[in-house]
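Comments concern the structure below.
The values are calculated or read from the model by the stated rules, or taken from the named source; none is laboratory data. Predicted model only: the values in this text are computed from it and were never measured. Cβ atoms come from the backbone with ideal geometry, glycine included; neighbour counts cover every protein chain shown.
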Amino acid sequence: MAKEEKRVDPSVAVTEHYFKQLFADQSDFQSKQLFIGGIEYRLFYFDTLIDSSLIQEFILRPLLSRPQEAVRDVVSILDFAETELFDEAVHAVISGKTVLHRNGENRLYLLGADLKKERSINIPTNERILRGANEAFIENLDTNLNLMRKLIASKELIVKTYTIGKLSQTKIAVMYIKSIADSSIIDKLDQRLKSIDIDYVEAPGFIDELIREKKFSLFPQLLITERPDRARAYLMEGKVVVSTAGSPDTIILPVTFWSFFQSPDDYHSSWLVGSTFRLLRLFCFLITIGLPAFYVSVSSFNPQLLPINFVNTLQSSLKYVTFPPFVETISMMLLLEILREATIRLASPVGQTIGVVGGIVIGTVVVQSNLVSNTMVIVAALTGLASFVIPSYEMSSAVRLLSYPAILLSSFFGLLGLAIFFMFICIFLCQMSTMGVPYFTPPFSIKDTKDTLLRAPVWSIRNRPAETAPHNQTRLRRPRSWKR
Amino acid sequence: MKKGIAAFFLCLLLTGCLDQLQLKNLLFVDVVGIDYVDDSKELKVNFVISALREANLGGGRQSALFMETTGANLYEAVSKTNKEIPGILSVLETRLYLISTKFAKEQPLDHLNIASQFASNPLYAYLAIYDGDLSKLLAKKSMKDQTVANFLIGLLDDEKTRGRIPSNKLLHYILGGTQFMNDFALNRFEPYKDSARLAGTSLFSDGRYTGINLSNEDTQLANLMGGETGKNQLIIGEQNGIHYSILVQNAKRHFKINTDADKLRDIAVDIQMDVKLIEDGPELKKHTNKELAKTEKAIEADLNSKAAKVIATIKQANCDYLQLAHEVAAFHPKVYSGLSWREQYPQIGIKPQVKVRILNNAILE
Amino acid sequence: MRKEEHITGRQLISLTVMAQLGTEVLSLPHVGATTAGHDTWIAVLLSGMAAQLGIILIWWLGSHYPKRNFYAYTSQIVGKPIGILINLIYGTYYAFSGLLITALYTDILKRWMFSLTPRWLILLMLLIICGYAATSTLKKLAYISQSFMLFPVICFLLIAFSGVYGFDAKNLLPIVSDGWSPILKGIYAAYSAYIGYDLLLYAYPYVQTQSKKKLLWTMSIANACTIVFYVVVCLVCSTMFSLKQLIVIPEPIVFILKNYKVQILQSVDILFLIFYVSVVAATVYVYFFMAAKAFMHLRSGGMGKQHIWVWVIVCACFIAGFFMTKRNDLLQVAAFQDQLSIFLVVGLPVILLIISGLRGAGRRGV
């Protein structure tokens, strides 16, 4: 049953009483009494949320100079609204607006004179690139939307806002290009976002987990970015960008496995270079999952894979190591994780020191004391480096985690365990889908490899990916027609 | 479902790791030497185990461990050795099987067949013969500053890439052999000063050592007749009192089988060689076309006579090294069925026909 | 019942090729050598042609009912009770074939590498991975097959290029020396290697192609790929081994791959044998999938859920796997399975085709 809405009483005293009662415990709530031209006014606001100079300049001064005219005509603030309901007024006060009541009128004026505290647009910190734009999203949703609108000056860019979080009332903006995006994906997203009923949202983590398809998948199903240019690139493929107030990270969905290996840099360098780096990243993906496990299999199951000179070297490095290869590998991989976590948490100058201390000192000492073989140190270092080559932090962490079960299986079955594990991952990826779009499609034809395995030349990618933009596929018309 | 997976992993933990090999405990046998114990039928098996010592902190030095045991077959020898040295003897990385002449004269391949039963044993190890005391050779700690294994295998590897010796991989001979007739020539080592050296090949007939050997030069020629391609093989000879040396650039071998109705008349072994003339005679001179043709003729004549000698030797050993039987059987099955190859092989006329073309005189004009 | 998504022609090719390649490749040259001698490759080639006829047969049958899959139209052809019986037979047959292939591969693994690891453990692991894959839809299955396709391609290149290590074409000569009867026997022996194209029975209505002819064309390409693969394998094996060796060595390909020796990698054969699990799995999960679908069609409205059926089959196979330990028994069962598969993949569709033809003719007559 809907609650009966309390209407505004013409008397300022009643209003004041109402607010005072509601915000009795709030020490920063203020109610200011004014007499202008014989009429009594009341201003209600939280002094921590408002910008007092704005109120002086655009509300009080006009009122003082033209006391007889209607408030609507006098107050020169753009963010201006009227209401007859107390609930709306209360909400407005909480979100930083100033509420004005003129005695004798049964309405309240909601004036946006909120204090805008935001940091300036910075360069991206987590997604560094060499060429291209250097803007990053910030915590303010309006600024973020502003950035996007400036990048895509088209009426086709649709911004839909939702409010999620029963208490926090967090604003979320969903952006897509109307003529490209698949409406079924938009509908699905709309349905899923509307179904969220939670006290507050921590973006992007909460949203990700609440709308993702596979609950227990280690692989990220949403791409998170802080780069507007990246968001634009995906919007143009028919994908949807979700930006949340209070977080500089925006969510892109639905994405495929291959998106996690794309970097904006690819498109700024020659397509051959881009393709090479793309392949390198995929190779690093395999290294991260498989190399430690391969080391375990070779050193405890299948030494015959290597020729005798190589085996002798490996054997001699293991000669005095007490731990079995499995323990050795797991401990070195853990050490790597510890180092990584430590460098993130510490202040950046200290972090670098820790990296040096960890990498060089521990690496050397551990080998000299025969706790771990030097081959293992190489393997661990290579694995760690390879995992950081993957542009998406989520993907690289997931992949590093995946190497542990691989090591476990290899220590039981040697290479067979590794093969089975790779098959398992492959099947898992093939079965997964996000927003009804298959997550992993093996590149089976040249057309499929164009922006997945490789970064094909721009003039050859004439179409958008069919999964996300089924109806409006052409993205490039008559490429290089000047030549003909 | 999730419980099922958990149970599955528990099962793994309880039962897994059974086939694990501890790499540090493995003893990799690099060379296997096989001989008979004196006059009995018992095998005397030598193992050379290669390892790298003191390399856990970088550096390291190659070492070889020599083991000798006896046994009825290879398997027994391995199991006996395991009682004599801690660690697990592994034939996963064996690169060379060396057999003695005494062993080679009986049925050596029957004993080696068992090697294919060693799980995942590299069957592409070399098979070679040693004309001397095997244990004495293999027991040496080092030869010319290298381990015995690296020394012997290095010799074979290098000579093989130079195209001078046949490639003898174990798999080609055991289990019935890849060849039509089980006739072949194995590379032969002989004692030399305090180490060993390659000394031509030993001829085998029907898988048994005949006791007849080819010298190094003959081996190279036989190898060329066997279809080896030109790999810069050096041929040195003398004709009409003039020494010449040539490098073979290209070699093409072709068998011509001449038949009368269903009867084999003779077989011609055509070899076309493109060569590089390094030297002919002591003085340097400019070669005219005529002189070149003369030189070509002279070299051909010399090579033909040498090749005829090689063929005579292999015929004497009744070793169908060129696999002519297969050639006849493949292209003239009727002729072959009318032949009793083993008996008639020594009587078949086999004529070498070498054609030499001098491409250039190397760097000098 | 979940509605099956459509697959493309390309996907059908990879599904079919992967279903056809199985453990047989490893032993085909050996089996061929025991029957057809050095003419194995001819037998394998002709056998592939025969398989092509089989494909045309199934395609013809399917084109009578372009909107429904095999299990759905069996009862339409022969009536309800017999139709259900046929579905039951097919379901059991596919589950059994899946088990047999897994068991054969387990046997190979046991003989080559895992002498101490219990057989059931390897079997269980393989069955679980195949079962897990078999729970997907046809489209997802096609994706999986496409990803696994990389491996046979690499294998093929490795095998084909192992010829550089010296081969002897004389081993193939003289052609057809002992008359045609050993080759005919060889055709029979090799035919089971081509089984797997029967996937079309189920997949027919779900393939997106422009026309019926295009579908047949697609299947023919798939079959041609398999033929090329098999023939090359047999040719390489025959030229590199003598007949005597081929008869003793059950998995000649593995021995051929031992040839490859690089500075940092030597036993490519071990890698091959292990990663071959993906090819085996691709066959087995298609079989499990077909079995589960057959059981689901026991009732026209759909009976049970696919993943439940798959796991039931996996459990049954696992238990049955305990009774298959001796190699000779396994080979006997395999020989029986060969006969059974020829009956079910060739014989039964012929009968059904005749019946449906007669009925169709009857209906037209009325």
Filter pass, A:Thr250 being among the polar types (S, T, N, Q), surrounded by 24 or more Cβ atoms within 10 Å (Cβ to Cβ) and more than 14 Å from chain B (Cβ to nearest Cβ): yes
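This table checks each residue for (1) touching a Ser or Thr at 6+ places or on another chain (Cβ under 7 Å); (2) away from every other protein chain (no Cβ under 13 Å).
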residue: A:Asn302; (1), (2): no, no
residue: A:Ser316; (1), (2): no, no
residue: A:Thr322; (1), (2): no, no
residue: A:Phe326; (1), (2): yes, no
residue: A:Glu337; (1), (2): no, yes
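Among the residues in segment C:129-139, are any in contact with a strand residue (DSSP E or B) (Cβ under 7 Å, 6 or more places away or on another chain) and part of a helix (DSSP H, G or I)? If you could, list the steps in order and put the result at the bottom.
First pass over segment C:129-139, keeping only residues in contact with a strand residue (DSSP E or B) (Cβ under 7 Å, 6 or more places away or on another chain): C:138-139.
Within this subset, residues satisfying the condition of being part of a helix (DSSP H, G or I) are C:138-139.
Yes.
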Subset of segment C:114-134 (residues that are buried (at least 23 other Cβ atoms within 10 Å of the Cβ) and more than 7 Å from every other protein chain (Cβ to nearest Cβ)): C:Ile122, C:Leu123, C:Leu126, C:Leu127, C:Cys130, C:Gly131, C:Ala134
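Does B:Lys351 satisfy the condition of being assigned to a helix (DSSP H, G or I), more than 30 Å from B:Lys286 (Cα to Cα) and not hydroxyl-bearing (Ser, Thr, Tyr)?
Numbers: assigned to a helix (DSSP H, G or I): no; more than 30 Å from B:Lys286 (Cα to Cα): yes; not hydroxyl-bearing (Ser, Thr, Tyr): yes.
Taking the combined requirement at face value, the residue does not satisfy it.
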Among residues of segment B:286-329, those that are within 21 Å of B:Ala185 (Cβ to Cβ) and not aromatic (Phe, Trp, Tyr), counted: 26
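Please work out if C:Phe288 is of a type outside the set (Ser, Thr, Tyr), out of contact with any Gly (no Cβ under 9 Å at 6 or more places or on another chain) and either closer than 30 Å to C:Thr137 by Cα or away from chain B (no Cβ under 14 Å) (or both).
Values: of a type outside the set (Ser, Thr, Tyr): yes; out of contact with any Gly (no Cβ under 9 Å at 6 or more places or on another chain): no; either closer than 30 Å to C:Thr137 by Cα or away from chain B (no Cβ under 14 Å) (or both): yes.
Against the criterion (of a type outside the set (Ser, Thr, Tyr), out of contact with any Gly (no Cβ under 9 Å at 6 or more places or on another chain) and either closer than 30 Å to C:Thr137 by Cα or away from chain B (no Cβ under 14 Å) (or both)), C:Phe288 does not qualify.
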Qualifying positions in segment C:230-246 - crowded, with 24+ Cβ neighbours inside 10 Å and part of a helix (DSSP H, G or I): C:Tyr230, C:Val233, C:Cys234, C:Cys237, C:Ser238, C:Met240, C:Leu246
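I need the full set of residues from segment B:264-284 which are of a type in the set (D, E, K, R) and loosely packed, with under 10 Cβ neighbours inside 10 Å, in order please.
B:Glu283
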Residue satisfying condition, being crowded, with 19+ Cβ neighbours inside 10 Å and assigned to a helix (DSSP H, G or I), within set B:Leu123, B:Leu112: B:Leu112
Test: residue in segment B:218-230 that is more than 30 Å from B:Leu359 (Cβ to Cβ) and touching a strand residue (DSSP E or B) at 6+ places or on another chain (Cβ under 9 Å): no
Odd one out for B:Ala307, checked against (1) touching a Pro at 6+ places or on another chain (Cβ under 7 Å); (2) surrounded by fewer than 17 Cβ atoms within 10 Å (Cβ to Cβ): (2)
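Can you confirm whether C:Leu99 is free of Cβ contacts under 8 Å to residues at least 12 places away in the same chain, buried (at least 18 other Cβ atoms within 10 Å of the Cβ) and outside any loop (DSSP other than H, G, I, E, B)?
Values: free of Cβ contacts under 8 Å to residues at least 12 places away in the same chain: no; buried (at least 18 other Cβ atoms within 10 Å of the Cβ): yes; outside any loop (DSSP other than H, G, I, E, B): yes.
No.
Condition (residue is under 30 Å from C:Leu104 (Cα atoms), buried (at least 17 other Cβ atoms within 10 Å of the Cβ) and in contact with an Asp or Glu (Cβ under 8 Å, 6 or more places away or on another chain)) applied to segment C:194-207: is it met by at least one residue? Can you show your working first?
Filtering segment C:194-207 down to residues under 30 Å from C:Leu104 (Cα atoms) leaves C:194-204.
From what is left, the residues that are buried (at least 17 other Cβ atoms within 10 Å of the Cβ) are C:194-204.
If we keep only those that are in contact with an Asp or Glu (Cβ under 8 Å, 6 or more places away or on another chain) as well, we get none.
Checked against the condition, which is being under 30 Å from C:Leu104 (Cα atoms), buried (at least 17 other Cβ atoms within 10 Å of the Cβ) and in contact with an Asp or Glu (Cβ under 8 Å, 6 or more places away or on another chain), segment C:194-207 yields no hits at all.
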Residue count for segment B:150-176, restricted to those that are surrounded by fewer than 21 Cβ atoms within 10 Å (Cβ to Cβ) and on the phi > 0 side of the Ramachandran plot: 2
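Answer yes or no as to whether A:Tyr200 is part of a loop (DSSP other than H, G, I, E, B), in contact with a strand residue (DSSP E or B) (Cβ under 9 Å, 6 or more places away or on another chain) and free of Cβ contacts under 8 Å to residues at least 60 places away in the same chain.
Working: part of a loop (DSSP other than H, G, I, E, B): yes; in contact with a strand residue (DSSP E or B) (Cβ under 9 Å, 6 or more places away or on another chain): yes; free of Cβ contacts under 8 Å to residues at least 60 places away in the same chain: yes.
So A:Tyr200 fits the description; yes.
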Strands (runs of 3 or more DSSP E) enclosed by segment B:157-251 - at least 2 residues per element that are assigned by TED's automatic domain parsing to the domain that holds B:Tyr345, within 24 Å of B:Asn304 (Cα to Cα) and touching an Asp or Glu at 6+ places or on another chain (Cβ under 6 Å): B:233-239
Top-ranked residue in segment B:252-296 [being touching a residue at least 24 places away in the same chain (Cβ under 8 Å) and in a helix (DSSP H, G or I); ranked as farthest from B:Ile236 (Cα to Cα)]: B:Leu292
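Table: residues versus (1) more than 14 Å from chain C (Cβ to nearest Cβ); (2) in contact (Cβ under 8 Å) with a residue 40 or more places away in the chain.
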| site | (1), (2) |
| --- | --- |
| B:Ala298 | yes, yes |
| B:Lys306 | yes, yes |
| B:Val310 | yes, yes |
| B:Ile314 | yes, yes |
| B:Leu322 | no, yes |
| B:Pro333 | no, no |
Of all residues making up segment A:267-284, the number that are part of a helix (DSSP H, G or I), touching a helix residue (DSSP H, G or I) at 6+ places or on another chain (Cβ under 9 Å) and either on the phi > 0 side of the Ramachandran plot or not aliphatic (A, V, I, L, M) (or both): 10
Residue identified as within 11 Å of another protein chain (Cβ to nearest Cβ), at positive phi and of a type outside the set (Gly, Ala, Ser) among A:Asn374, A:Asn370, A:Asn309: A:Asn370
Of all residues in segment B:19-56 being under 18 Å from B:Gln146 (Cβ atoms) and modelled with pLDDT under 75, the one that is nearest to the other protein chains (Cβ to nearest Cβ): B:Ala55
Residue match in segment A:348-361 (condition: more than 30 Å from the chain's Cα centre (by Cα), over 23 Å from A:Ile224 (Cα atoms) and either within 14 Å of chain B (Cβ to nearest Cβ) or modelled with pLDDT of 85 or more (or both)): no
Count of residues meeting criterion [more than 9 Å from every other protein chain (Cβ to nearest Cβ) and not small (Gly, Ala, Ser)] in segment C:138-164: 12
Single unsatisfied condition, C:Pro174 versus (1) assigned to a helix (DSSP H, G or I); (2) without any contact (Cβ under 8 Å) to a residue 60 or more places away in the chain: (1)
Residue satisfying all of: in segment A:116-160; in a helix (DSSP H, G or I) and of a type in the set (S, T, N, Q); nearest to A:Thr98 (Cα to Cα) among these: A:Thr143
Qualifying position, being touching a Cys at 6+ places or on another chain (Cβ under 7 Å) and either free of Cβ contacts under 8 Å to residues at least 40 places away in the same chain or assigned by TED's automatic domain parsing to the domain that holds A:Ala231 (or both), among A:Phe444, A:Phe412, A:Phe424: A:Phe412
Residue among C:Thr117, C:Thr102 that is at pLDDT below 90 and touching a Leu at 6+ places or on another chain (Cβ under 6 Å): C:Thr117
